[in-house]
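**Q** One structure is given below, represented as structure tokens, and several questions about it will come after.
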Amino acid sequence: MGTINGGAVVNIFLNTLGLFDGRLRTHGEHVGYILYKMLEFDDTYSFDERRIFLVLGALHDFAAYKTDKIDDLLSYDLKDVWPHSVYGYFYMQYLSPFADYARIFLLHHLNHAKLDALKPPHQDVIEMVRLADSIDLMIYHGQYSEVNMVRQLGPHIAGSYVKLFLTANAHYHIIENIMDDTYRQELDILTESIDWEQGVADQLLKTLVYTIDFKNESTVLRTLNANAMCEYLADKMKLTPDEKSDLQYASLVYDLGMLGVPDSVLNAPRRLTPSERELVEGHVNAVEKILKPHVSDGILQIAIRHHERLDGLGYPRGLKEKDLSLPQRILAAADVMAALQTDKEYKPALGKQDVIRALLREVKEHKLGMDIVRVIERNYDELMNTVKQQGADLYGNYLTVKQSFPSVLQQFQQI
Ligand SMILES: [Fe+2]
Ligand SMILES: [Fe+2]
Ligand SMILES: [Fe+2]
């Protein structure tokens, strides 16, 4: 049955960040690796916990996609460390299976003295992330040496962690492994060995999807709606358990490639130019790169065919009705319907009659399947109620984050 296990979710997460900016991914991986090796040498935490910290270390800056220029993030004098720290904290707190560790994201730029005054849970890990982060910046700028590191970081980080790093490095050759890229092999083996329960892996996948979509209200709702619609239609149209499961996963991740499309193009309240269209249509190839080889072919093919149309005029491959399976056609229809259903900043959502009319037009033009649109039409109210219920919690969280962000940000900017 098509599921996506923990290790695959981590790789998909990192691939998505890499699509936004390769340096965000590499920096994260370095920090996760340095942290993991320190913890391995230190031996306080179990293997399971160390692998969680490896993942959290790799993701420590992930919210920067929303708030920062990556150039600033990788410079020594990041002026305001709080926007990505606070967003990272909120995302982890409200949307992830790792809420207990959310403070790592919030506090990862604090000096030892300030951390010691706060004494947060997992202070040790936070100090190590802070250290690993600074070490990787020194590597990035070609300035790493033990002498430099001790001189520059000594005043900011507790001596015991600096010492721990130096001994772990002497033992495992951490810096050398990063410099010659051999750390990647070890990182791959570690992520592949992750054996979280499926519920944890699923939740982390949702963390990725929902945070990427947190760019604005309409994208959050759109993915969520398409996902819930697919679940409903899969039941109504009697898909097999395997097909249902593939469709569930595919309908979560199918638009992740959109992260590579600039906001100015995504939100343009006008017809796109040909080159802008090409950029947008590229999101399907991007999602293929993100998912491959981490998901089953069943999931992949549903995800990358959501813009194919029955008449062969869809993209990217111009496949025709005979090439498209029922789950693939369901996602295509759900994506169209979710788009019609969701407010965009420049275009209000359509009501029931208009949505149905628009879908029937797509059927007439031989774009979407009549079988699917008929099921939608017949069950419209029930379908929309299910969709609303499923989205209520997440939407509530979205509003909480949106509303609390400014005040929490201000509070920490004064620390
Ligand atoms: Fe950071
Ligand atoms: Fe960082
Ligand atoms: Fe799409």
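The values are calculated or read from the model by the stated rules, or taken from the named source; none is laboratory data. Everything quoted here is computed from the prediction, not taken from an experiment. Glycine also receives a Cβ, built like all others from the backbone with ideal geometry; neighbour counts cover every protein chain displayed.
**Q** Just the residues that are without any contact (Cβ under 8 Å) to a residue 40 or more places away in the chain and within 14 Å of ligand 1 (Cβ to nearest atom), please, taken from the range 103-126.
**A** Those that are without any contact (Cβ under 8 Å) to a residue 40 or more places away in the chain and within 14 Å of ligand 1 (Cβ to nearest atom): Arg103, Leu107, His109, Ile126.
**Q** Confirm whether Thr223 is buried (at least 21 other Cβ atoms within 10 Å of the Cβ) and modelled with pLDDT of 95 or more.
**A** Answer is no for this residue.
**Q** If we keep just the residues of the range 65-101 that are surrounded by 15 or more Cβ atoms within 10 Å (Cβ to Cβ) and polar (S, T, N, Q), which is nearest to Ser407 (Cα to Cα)?
**A** Result: Ser85.
**Q** Considering the range 290-314 alone, what residues qualify as being surrounded by fewer than 17 Cβ atoms within 10 Å (Cβ to Cβ) and part of a loop (DSSP other than H, G, I, E, B)?
**A** Correct list: Lys292, Pro293, Asp311, Gly312, Leu313.
**Q** I'd like to check something: does the range 122-135 contain any residue that is in contact with a Lys or Arg (Cβ under 7 Å, 6 or more places away or on another chain) and of a type outside the set (Val, Ile, Thr)?
**A** yes
**Q** Taking the stated definitions as given, is Asp297 of a type outside the set (Val, Ile, Thr), within 22 Å of Arg329 (Cβ to Cβ), free of Cβ contacts under 8 Å to residues at least 60 places away in the same chain and out of contact with any helix residue (DSSP H, G or I) (no Cβ under 6 Å at 6 or more places or on another chain)?
**A** yes
**Q** Looking at the range 1-43, which of its residues are of a type in the set (S, T, N, Q) and either without any contact (Cβ under 8 Å) to a residue 40 or more places away in the chain or assigned to a helix (DSSP H, G or I) (or both)?
**A** Asn11, Asn15, Thr16, Thr26
**Q** Considering only residues that are more than 10 Å from ligand 2 (Cβ to nearest atom) and outside any helix (DSSP H, G or I), which ones fall in the range 75-92?
**A** Ser75, Tyr76, Asp77, Lys79, Asp80, listed by residue number.
**Q** Collect the residues in the range 7-37 that are away from ligand 1 (no atom under 16 Å from the Cβ), polar (S, T, N, Q) and farther than 23 Å from Phe47 by Cβ, keeping them in residue-number order.
**A** Correct list: Asn15, Thr16.
**Q** So in the range 138-167, with the set limited to residues that are touching a helix residue (DSSP H, G or I) at 6+ places or on another chain (Cβ under 8 Å) and in contact (Cβ under 8 Å) with a residue 60 or more places away in the chain, which one is nearest to ligand 3 (Cβ to nearest atom)?
**A** Looking at the filtered set, the residue picked out is Tyr140.
**Q** If you check Ile104 against the conditions, is it assigned by TED's automatic domain parsing to the domain that holds Phe53, more than 21 Å from the chain's Cα centre (by Cα) and crowded, with 20+ Cβ neighbours inside 10 Å?
**A** Against the criterion (assigned by TED's automatic domain parsing to the domain that holds Phe53, more than 21 Å from the chain's Cα centre (by Cα) and crowded, with 20+ Cβ neighbours inside 10 Å), Ile104 does not qualify.
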